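Please read the structure below before turning to the comments.
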Amino acid sequence: MTLEVLLQAIASGLLMGFVYALIAAGLSLIFGLMEIVNFAHGEFLMLSMFTTFWLALLFGIDPLVSVPICAALLFLLGALVYKGIISRILRAPMLAQIFATFGLGVFLRSTAQFLWTADYRILPNHVLSGRLDLGGIFLSWPQVVASFAALAAVLALYLFVMRTETGLAIQATSEDREAAALMGIPGDRMYLLGWGIGSSCVGIAGALLANFLPIFPDVGFLFALLAYVAVALGGFGSIVGALAAGVIIGLVEAVGGLFVPSFKYVAVFALYLAVVLFRPQGLFGRY
Amino acid sequence: MATQPHRSLTVAVLRGRARRVFWCLGGVVVALALLIVPFILEAQRLAHPLHVLIMICLYATLAQAWNILGGYAGQVSLGNAVYFGTGAYTSTLLMTRLGLSPWLGIPAGMVVAVALSVAIGYPCFRLGGHYFAIATIAVGEIVHTVFINWREVGGASGIHLPLLPEALINFQFHSSKLPYYYIAFGMAALAFGSAFAVERSRLGYYLGHQGRPARGPFPGGGSYSLQAVRHRNQRGPNRDGRHLLRPVHPGDRSRKRAAALAVRPDLPGGGAGRGRNDLGTTPGCRGVDPAL
């Protein structure tokens, strides 16, 4: 194996890693806020990809233009899910919390299959195409744009949570909802915002991925699984952890794929298990 | 004045007993119906409803197996399909390679599944809550990938059982599905029986304690061996049923089945074998009316 191939794998791995990081960051934000894992996260991604697809097919809207549209729509979906389901199970046992979102995921996936069949679909023609030649390393433009946009979104999310007043309010709520309420922070609204923002992260990722990946009802499963692994690896509730873990997973997947193509995800999951067994709170976790 | 508490106590005890009798009678009626109805279906040549009943028994067994870990002990496993598939693969391989009857394959599958579950459970129970749930998904995906790529056991297309003459020893019945039903029913009864046994045993009390949600990475820390015991127990009687679904392929252990069986047990508190969720989590209060 030449150095070139290895560099190629590392570059592709990094690019995918940023997208994984964005999906994981949305999940992580929600968990950090209220300790609920959104097991329908992958289905949110799938809905965003289908939205992009239909916008392109029916209204001729380019996937790049539908990034903000998907972000807004998924924000609404997240807020609706919070209002309709999550706010009712905030104090329920963990079992009920897991299965509420797990069931929502099954429901969304089956509905998508019912409405749009299980066929794989590919966006026909879009602005982004072609490849980028970096001295022998070839990267496709859609992937490059997707990954840098995803990185930008993760950084924006980080700055929002760390630097803005609303972000601080979200952090305060995640530390202690009652104490935050005494300071005049409406916990319910912060939760709503958290779900909205977490979902719009996955909405952005979905619109970006639709540029170069096939779209089908089950598409979210793998991404969601990698996102859970990224969140647990990085530590629940840590955006920096999600970014680091996303990149690690992208690299392990790409480089592992060079050596053992059909076992690349085994490598990813085995790495995750190994880390978590020695450091149960993840790399950057608080708990 | 002094007699008042005594009277309410007596009333409460009586009420508790009446409720128990009611549930027992209800259980007997349902069990009898489940034994008799298939005969009627068979006589009417209604094959599909019979098939549905068989699947109900199978899913009930899987759900009860999940319930022991998820309901009583409060650990959410989303990778139980691994153990279902292990049982199916073991007995199928024993039959196709060594010509062993599935009746020997079933206990062999149980042993292998138990060994695998202990090997997986022992390290994984260091994790709790969401971390455990996600670890089980990861383990499930690893095993799924391994089996898809494992040529010797059929790879992605799986193994097909040969068509054998109809006989109890071959575990194949072609003229009627009735034997499958009674086997599945017996399996479900065994699963419910072992759930009851666990609930009534010291283990059940320990598990009920484990089931209380705890925060932090080590809920119920220091009890790994106990959780491993329960993990093992749950694998008990849910091993067969795949002879009915003839081809055994990696899809068997896919997340779909895990989802199907993970969703089944009663949700809110989880736990009780009879669907009452006040027993599993607070075993100390069993049979005592909350009105006390």
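Throughout, read-outs are computed from the coordinates displayed, never taken from laboratory work. What you see is a predicted model; the values in this text were computed from it and never measured. Note that each Cβ is placed from the backbone with ideal geometry, even for glycine, and that neighbours are counted across all protein chains shown.
Considering segment A:3-278, what Rg and Dmax in Å follow from its alpha-carbon atoms?
Gyration radius and largest Cα-Cα distance of segment A:3-278: 18.4, 59 Å.
Kindly point out which whole DSSP H helices in chain A project their C-alpha atoms 24 angstrom or further along the helix axis while averaging a Kyte-Doolittle hydropathy of 0.0 or above. Can you show the working numbers first?
On the way: long enough: A:3-34 (45 Å, 1.97); A:41-59 (26 Å, 1.35); A:63-84 (30 Å, 1.85); A:94-116 (33 Å, 1.17); A:141-163 (32 Å, 1.64); A:187-209 (33 Å, 0.97); A:239-259 (30 Å, 2.20).
Sorted by number, the helices that extend far enough and score high enough are A:3-34, A:41-59, A:63-84, A:94-116, A:141-163, A:187-209, A:239-259.
Which whole-number percent gives the relative contact order of segment A:165-264, counting Cα pairs below 8 Å spaced six or more residues apart? Kindly include the intermediate steps, with their values, before the conclusion.
Numbers: 47 pairs, mean separation 11.3, N = 100.
Worked out over segment A:165-264, it gives 11 percent.
Which far-off residues, 5 or more places away or on another chain, put their amide H under 5 Å from the one on A:SER140, with H placed in the peptide plane?
Amide H to amide H, under 5 Å and 5 or more residues apart or across chains, A:SER140 pairs with A:LEU132.
Quick one: Cα centre-to-centre distance for segment A:128-206 and segment B:68-84, in angstrom?
33 Å
If N is the number of residues in segment B:29-162, what value comes out of its Cα radius of gyration divided by 2.2 N^0.38 Å? Before the final figure, lay out the partial values.
On the way: Rg = 17.9 Å, N = 134, 2.2 N^0.38 = 14.1 Å.
Cα Rg divided by the expected 2.2 N^0.38 Å: 1.26.
Restricting attention to segment B:2-70, which trypsin sites (Lys or Arg not before Pro) occupy a DSSP loop and are surrounded by at most 13 other Cβ atoms within 10 Å? Please report the intermediate quantities before stating the final value.
Working: sites: B:ARG7, B:ARG15, B:ARG17, B:ARG19, B:ARG20, B:ARG45; in loops: B:ARG45.
Passing sites in segment B:2-70 are B:ARG45.
Please build a GNM for chain A, connecting alpha carbons under 10 Å apart, and tell me which residue among A:ALA40, A:ALA156, A:ALA79 fluctuates the most.
A:ALA156
Over the Cα atoms of segment A:1-128, how large are the radius of gyration and the largest Cα-Cα distance (Dmax), in Å?
Considering segment A:1-128 through its Cα atoms, Rg and Dmax are 17.6, 56 Å.
So what's the Cα pair-distance distribution over segment A:131-269, bin width 10 Å, in %?
10, 32, 34, 16, 6, 1
Rounded to the nearest 0.05, what FRET efficiency do A:LEU159 and A:ALA72 give with R0 = 25 Å and r taken as the Cβ-Cβ distance? Could you check? Intermediate values should be presented prior to the final figure.
Numbers: r = 20 Å, r/R0 = 0.79.
Step by step, r from the Cβ atoms, then E = 0.80.
If each DSSP helix of 4+ residues adds -39,500 (n - 2.57) and the sum is divided by the residues in chain A, what number results at 222 nm, nearest 500 deg cm²/dmol?
The helix contribution divided over chain A gives -25000 deg cm²/dmol.
Between A:LEU3 and B:LEU32, what is the spin-label point distance in nm, taking each point 7 Å from the Cα along the Cα→C-beta axis?
Each label point lies 7 Å from its Cα, and together they span 8.4 nm.
Show me the chymotrypsin sites (Phe, Trp or Tyr not before Pro) within segment B:123-157 that DSSP assigns to loop and that have at most 15 other Cβ atoms within 10 Å of their Cβ.
Values: sites: B:PHE125, B:TYR131, B:PHE132, B:PHE147, B:TRP150; in loops: B:PHE125, B:TRP150.
Listed in order of number, the matching sites are B:TRP150.
Most exposed first by the Cβ proxy, i.e. fewest other Cβ within 10 Å, how do B:TYR205, B:TYR89, B:TYR180 rank?
Ordered by Cβ neighbours within 10 Å, fewest first: B:TYR205, B:TYR180, B:TYR89.
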